[in-house]
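Engineer: Got a structure here, written out as structure tokens. Questions coming.
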Amino acid sequence: MSDRRYSKDHEYVALDGNVATLGISDYAQSQLGDIVFIELPDVGRKVAKGKEIAVIESVKAASEVYSPVGGEVVEVNPQLGETPALVNEDPLGRGWLVKLRVSDPGECDSLMDEPAYSEFLKTL
Amino acid sequence: MLDRPAVVEPIDDDKIPATFTGNRGLDQEEPLLFEIGRLDATGVDIEAPAPVVPRLGALERSAPIGLPGLTEPETMRHYVRLSRKNYSIDAGLYPLGSCTMKHNPRSNEKIARYEGFADVHPLQPQSTAQGALELMQTLADWLMTLTNMQAVALSPKAGAHGELCGMMAIKSAIAAKGEGATRNVVLIPQSAHGTNPATAALLGFSVRVVPAAPDGTVRAEAVRDALGPDVAAIMLTNPNTCGLFEREIVEIAEAVHAAGGYFYCDGANFNAIAGVLRPGDFGIDAMHINLHKTFSTPHGGGGPGAGPVVLSERLAAFAPVPFIRRDGESLQLIEDADGAESFGRLTAFHGQMGMFVRALAYMLAHGGDGLAQASKDAVLAANYVRASLRDVMTQPFGDRICMHEVLFDDAWLRGTGVTTLDFAKAMIDEGYHPMTIYFPLVAHGAMLIEPTESESKASLDLFIATLRDLALSAKAGDMTRFTQAPRLAPRRRVDETLAARKPVLRWTPCAAA
Amino acid sequence: MRYHPLSEADRSAMLATIGVPAIEALYADAPAETLLKTPLDLPKGKSELDVERFFSRLAARNLPASRAPFFVGAGAYKHHIPASVDHLIQRSEFLTSYTPYQPEISQGTLQYLFEFQTQVALLTGMEVANASMYDGSTATAEAVLMAHRLTKRRKALLSGGLHPHYAEVVRTISRLAEDEVETMAPDIRAVENVIAEIDDTLSCVVVQTPDVFGNLRDLTKIAEACHKNGALLVAVFTEAVSLGLVKSPGAMGADIVVGEGQSIGNTLNFGGPYVGLFATRHEFLRQTPGRLAGESVDADGRRSYVLTLSTREQHIRRDKATSNICTNSGLCALAFTIHLTLLGEVGLTRLARVNHANAVLLAQMLADVPRVEVLNETFFNEFTLRVEGDAATLVEKMAARGVLAGVPVSRLLPGARLDDLLIVASTEVNTDEDRAAFVAALKESL
């Protein structure tokens, strides 16, 4: 299993070489409720750290997803168009959102690891 | 105060035998038009057309449309049955905060249907529509008097369209001063209607959020902090969406003007102050007036409305076409402002004439004194509800005087397992339309109640007694009354997730199979 | 006051509960200097009888369409509306309900909106339609903005056959939203070459058919040219009854179809309220403005309707919403739906044929009148007449003879030097006598 790192906005990235898989945490999906639609970026789009990369919609809310690292979109989860509920069911696995070729893998270092994120959640 | 009224025991679905028709008592199931209509049926008898050589070129339709029809008796039954699945202000108190569901006088409906108004074309010669123009001018005069403003743009079709009109005038005024490139920010408080940021964004402004003070209002100091040479305007609702009067509004207006900006006032809540206070005295530059709220033109299940905009001297020149000019004895509708500063045109014709008639009829029936009384009674009713429920429900900004609507939050439900949504749905089983919920966003689990001046004291007392009973029931842990609600409505809770995940927005023949 | 149930005794009791001495105390938060010291200079309230008298006097100074031979169109049309339509829309449950935010007690509104959306989609030949816009002109502006969002381009091309007021509405919002618009010259005979103007900088091309001069336009080739350049075709109509007889814009390749629905179910009302129709392709749903009613089920599994895809809308998405529209034209949409249900396909087709036939009859009669010329090759129920002299003066003269003859083009396009053109509409309400009166008044007034 790859090393998963979390942001304070509840996104995670899992780095494999210089490609990061990006998604939202289990806590985030539970807060959003039933997800009905996900707006994903085009492959090839360059995203700066901290900028909007996707929008997740539940029935009564639309929430922006910010990329915790900068990079270029190399793949988006093709199943989410048909089955956005995957993000509710398996946010860390089949419900991933985007794969990014990371411009500076060092950016991940500033993110929280699993135990740190768990501690962070307790403060909310 | 009344005791809780005798309510029929909740229906135990197990004991009710399925009916042959699927109907339950007076609650009748009704299929879609497309399931009962027929392609060869019609409810309109039309004489055969005169035989002519068509002039349609090659564009005559050859494929069928697929539109079913019904005869007149079937049409009546279909839509009457559908109507019976709706709640209405005529049937009961409709406490939707920020929406103003007050009585809709039927005299206004009758007058709007006078041939001399309903059957007049917007482009027939103006000499044959002087009465219509006179009516519009009279309405404009009333609006200017009530607001102490210098001009009115009548054409906006609804509140949000009025916002667009006002902000277009502001953008034009800024451009005329040569500041178009620099002033591109609009200040909007957190509690604003969604239409405010949507309108600002539509015109390319970026939105800077002004925080509210702990008492739910906006402080002049917070506005001053947000002001700068990049600010075009502030959009502020007064009374605000928490039902509170913006105490520092005059100071805010002065600060905005001193910084070279304009003050757009969202007039959605004008019904709290009409005849008592004039927005022009606060120092505003533009404000839309929802005729379908303050002046009681019917909401019609979502529209139509009308959103005339009053303008200050500084903005009057930028008003859209058309506008009326008095020319001796006659009135002239100016439809083309060639060379003038008018920002342009908002809609094809002159605005919502049908709503103008109703609104003016409402104004004349009330008179200046009656309008003030309506505002005061609305404020009185909201405060009465507040005072009668403050010991069982909580208010986000403490217990303080409100205007025409009272805002509760869900702090008092914490630990009960009942949510604001559950509470709202339980009201349906008691025969009430729920209040506005989850708006404004600044209150957690918001419940915004606007009883209006149309309710008698007995009606308010019954409503209060019902809400008290529900509140106590929630605190006592009677969960099924909430989580299962509604049980007595034409429908139980509807699956909104399914609707959004797999949108079905029209009938199709295959889906019916 | 007959609309205020509270008595003075009630008010006193309520004030006691609240704990304030007088209603004025409830306005304590208002700056003291702004509280009105004296009543406003407005009349006192009137009885219902007096209010009705006031309006009767005003109404008498207007000439209603049904009191004269009537040929005025150009975006609003006089049609006969069955009495049951107005009866049904005045039912309390439709007239005095709010936007159906609580679906459990709003199925009536939600189901008719679902029916309305289906009827509009069928009529326009499109996949989906929304639950209405304010009117045809604002729907056109919304279509242009939607095309900008979809194509990520910001330039629209408007045909010279588009209703000049619609074009002005689009230009106004575009100028203030800092988008580009090009408007082609007024195109009286539908001869403009739209295709030559299409390139890959355009987000959309806006073409009306029947156009404002009455000509029918084949959109097929324009749609192809748009699509080749990555642009969208926005098709506009102002006379919904024409769709009963003319090929639908959807069948000709339009991507967004918008129009005025007034002529089905809604009276002239001196310009409003009307009902804007908005239809498009399913794939563009997420960028569609306005409300949408969708099908679902309730907790007991019964088919139900509910407002859906609300995350597009201002009350959720705020500054990122697809439009700022909130209140729409719900009750006018209901009138449209009921009238169209009464008509059905057979009724609508026949109504459209009668309209066309009446216009053809009038055009034939005018062909024999000296010093006037019908300019159209094709038309549905409206055409453009070239007259000798000033059409606006002619209209006034004919009005003095009791005939409402049409719309002078100079009223829609002042300064365009088209003062000798008159747009004439003829619907099912016109009789042989009306046509004879028209021709007689025309001859006398020329």
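Engineer: How large is ³J(HN,Hα) for each residue in segment C:327-336, as worked out from phi by the Karplus curve 6.51 cos²θ - 1.76 cosθ + 1.60 (θ = phi - 60°), to whole Hz, x for Gly and Pro?
Structural biologist: In residue order, the calculated couplings are 4, 10, 10, x, 5, 5, 5, 5, 4, 4 Hz.
Engineer: Looking at the square roots a ≥ b ≥ c of the eigenvalues of the Cα gyration tensor of chain B, which shape do they give, rounded for a/c under 1.5, prolate if a/b is larger than b/c, or oblate?
Structural biologist: Because a/c hits 1.5 or more and a/b fails to exceed b/c, chain B counts as oblate.
Engineer: Moving to a separate point now. Determine how many Å³ per residue the convex hull of the Cα atoms of segment B:373-513 encloses.
Structural biologist: So the per-residue hull volume is 150 Å³.
Engineer: Restricting to lysines 8 or more places apart or on different chains, can you count the pairs in chain B with Cα atoms under 26 Å from each other?
Structural biologist: 24
Engineer: What three numbers, in Å, describe the spread of the alpha carbons of segment B:109-363 along their principal axes, ordered from the longest?
Structural biologist: Between the extreme Cα coordinates on each principal axis of segment B:109-363 lie 55, 39, 30 Å.
Engineer: Are there GluC sites (Glu not before Pro) in segment C:399-444 that DSSP marks as loop and that have at most 16 other Cβ atoms within 10 Å, and which are they?
Structural biologist: none
Engineer: Let me ask something else about it. Mind giving me the FRET efficiency for B:Ser456 and B:Ser330? R0 is 51 Å, r the Cβ-Cβ distance, nearest 0.05 is fine.
Structural biologist: The formula returns an efficiency of 0.65 here.
Engineer: Quick one: order C:His87, C:His315 from most to least accessible surface, probe 1.4 Å.
Structural biologist: These residues rank, largest area first, as C:His87, C:His315.
Engineer: Note the buried accessible area between B and C here, summed over both chains, with a 1.4 Å probe, in Å² to the nearest 100.
Structural biologist: Roughly 17200 Å².
Engineer: Another question, if that's okay. What's the tally of Lys pairs in segment C:108-260 whose alpha-carbon atoms lie under 21 angstrom apart, where the two lysines are 8 or more places apart or on different chains?
Structural biologist: Lysine pairs meeting the criterion: 4.
Engineer: Give me the percent of the accessible area of the protein assembly as shown that comes from carbon and sulfur atoms, probe 1.4 Å, all protein chains in place.
Structural biologist: 51
Engineer: Per-residue mean of other chain beta-carbon atoms within 10 angstrom of the beta-carbon, peptide B:427-440?
Structural biologist: Going residue by residue through B:427-440 and averaging, the value is 2.
Engineer: What list of ³J(HN,Hα) couplings, whole Hz, do you get for segment B:104-114 from phi and the Karplus terms 6.51, -1.76, 1.60, once you set θ to phi - 60° and write x for glycine and proline?
Structural biologist: With coefficients 6.51, -1.76 and 1.60, one gets 10, x, 7, 4, 5, 5, 4, 5, 4, 8, 4 Hz.
Engineer: Read phi for every residue in segment C:60-75 and hand back ³J(HN,Hα) as whole Hz from Karplus 6.51 cos²θ - 1.76 cosθ + 1.60, θ = phi - 60°, with x for Gly and Pro.
Structural biologist: 5, 8, 10, 9, x, 4, 7, 9, 8, x, 10, 10, 8, x, 6, x
Engineer: Still on this structure, please answer the following. Based on the alpha-carbon gyration tensor of segment A:4-122 and its eigenvalue square roots a ≥ b ≥ c, which shape applies: rounded if a/c is under 1.5, prolate if not and a/b is larger than b/c, or oblate?
Structural biologist: oblate
Engineer: Quick check: from the Cα gyration tensor, does the protein assembly as shown come out rounded (a/c under 1.5), prolate or oblate?
Structural biologist: Note, shape of the protein assembly as shown comes out rounded.
Engineer: C:Glu48: accessible area at probe 1.4 Å, nearest 10 Å²?
Structural biologist: Counting only protein heavy atoms, the figure is 80 Å².
Engineer: Let me ask something additional. Kirkwood Rh and Cα-based Rg: tell me the resulting Rg over Rh for segment B:136-178, rounded to two decimals.
Structural biologist: Result for segment B:136-178 is an Rg/Rh of 1.04.
Engineer: Defining a contact as two alpha carbons under 8 Å apart and six or more residues distant in sequence, what relative contact order in percent does chain B show?
Structural biologist: Over chain B, the number comes to 19 percent.
Engineer: Hey, in the GNM for chain C with a 10 angstrom Cα cutoff, which one of C:Thr311, C:Thr238, C:Thr124 fluctuates hardest?
Structural biologist: Answer for the Gaussian network model of chain C: C:Thr311.
Engineer: A further question follows. Can you give me the distance in nm between label points at B:Ala176 and A:Arg94, each placed 7 Å from the Cα along the Cα-to-Cβ direction?
Structural biologist: Each label point lies 7 Å from its Cα, and together they span 6.2 nm.
Engineer: Would you look at the GNM of chain C, springs on alpha carbons closer than 10 Å, and say which of C:Pro408, C:Pro273, C:Pro64 moves the most?
Structural biologist: C:Pro64
Engineer: Using only Cα atoms and rounding to the nearest 10 degrees, what angle (0 to 90) does helix C:48-59 make with the longest principal axis of chain C?
Structural biologist: Once rounded, one gets 20 degrees.
Engineer: Which value at 222 nm does chain B reach when only helices count, each DSSP H run of 4 or more adding -39,500 (n - 2.57), with the total divided by all residues and rounded to the nearest 500 deg cm²/dmol?
Structural biologist: Calculated at 222 nm, the ellipticity per residue is -10000 deg cm²/dmol.
Engineer: Can you pull out the GluC sites (Glu not before Pro) in segment B:33-68 that DSSP calls coil and that have at most 10 other Cβ atoms within 10 Å?
Structural biologist: Sites meeting the loop and neighbour criteria: B:Glu47.
Engineer: Taking the 0 to 90 degree range and rounding to the nearest ten, how far is the long axis of helix C:8-18 tilted relative to the main principal axis of chain C, both from C-alpha atoms?
Structural biologist: Tilt relative to chain C: about 70 degrees.
Engineer: Compute, for the protein assembly as shown, the length of the dipole vector about the Cα centre, with Cβ point charges of +1 (Lys, Arg) and -1 (Asp, Glu) only. Units Debye, rounded to 20.
Structural biologist: 660
Engineer: Setting aside same-chain residues fewer than 8 positions from C:Lys46, which aspartates and glutamates have a Cα under 17 Å from its Cα?
Structural biologist: Filter leaves B:Glu109, B:Asp369.
Engineer: So what is the 222 nm mean residue ellipticity for chain C from helices alone, if each DSSP H run of at least 4 adds -39500 (n - 2.57) and you divide by all residues, rounding to the nearest 500 deg cm²/dmol?
Structural biologist: Calculated from helices alone, the mean residue ellipticity at 222 nm is -11500 deg cm²/dmol.
Engineer: Given R₀ = 25 Å, FRET efficiency for B:Thr508-C:Arg149 by Cβ-Cβ distance, to 0.05?
Structural biologist: 0.40
Engineer: Could you report the accessible area of B:Arg314 in Å², rounded to 10, computed with a 1.4 Å probe on the protein chains as they sit in the structure?
Structural biologist: Spelled out: B:Arg314, probe radius 1.4 Å, area about 100 Å².
Engineer: While we're on this one: I need to check one value: relative contact order of segment C:204-293, counting alpha carbon pairs closer than 8 Å and at least 6 residues apart, in percent.
Structural biologist: Relative CO of segment C:204-293 lands at 24 percent.
Engineer: Still on this structure: Which aspartates and glutamates does C:Lys320 reach when only Cα atoms under 14 Å apart count, and residues fewer than 8 places away in its own chain are ignored?
Structural biologist: Candidates past the 8-residue exclusion: A:Glu39, A:Glu52, A:Glu57, A:Glu64.
Engineer: Residues of segment B:109-363: accessible area per residue at 1.4 Å, in Å²?
Structural biologist: For segment B:109-363, the per-residue accessible area is 24 Å².
Engineer: When Lys and Arg each count +1 and Asp and Glu each count -1, what net charge do the other residues less than 12 Å away from C:Asn381, Cβ to Cβ, add up to?
Structural biologist: Local net charge: 0.
Engineer: Here's another thing I want to ask about it. Using amide H atoms built in the peptide plane, which far-off residues or other-chain residues are under 5 Å from A:Tyr66 H to H?
Structural biologist: Residues meeting the criterion, in which the H sits 1.01 Å from N, are A:Ile53.
Engineer: For helix C:136-151, what angle does its Cα long axis make with the longest principal axis of chain C, in degrees from 0 to 90 and rounded to 10?
Structural biologist: Helix C:136-151 and the main axis of chain C meet at about 90 degrees.
Engineer: Using a 1.4 angstrom probe on the protein heavy atoms only, could you order C:Arg149, A:Arg94, A:Arg45, B:Arg492 from most to least accessible area?
Structural biologist: A:Arg94, A:Arg45, C:Arg149, B:Arg492
The values are calculated or read from the model by the stated rules, or taken from the named source; none is laboratory data. Quick caveat: nothing in here was measured; it's all calculated off a predicted structure. Virtual Cβ from ideal backbone geometry, glycine too; neighbours counted across all protein chains shown. We work out accessible area using only protein heavy atoms, side chains counted, and drop any ligands, DNA or RNA first. Shrake-Rupley method; radii C 1.70, N 1.55, O 1.52, S 1.80 Å.
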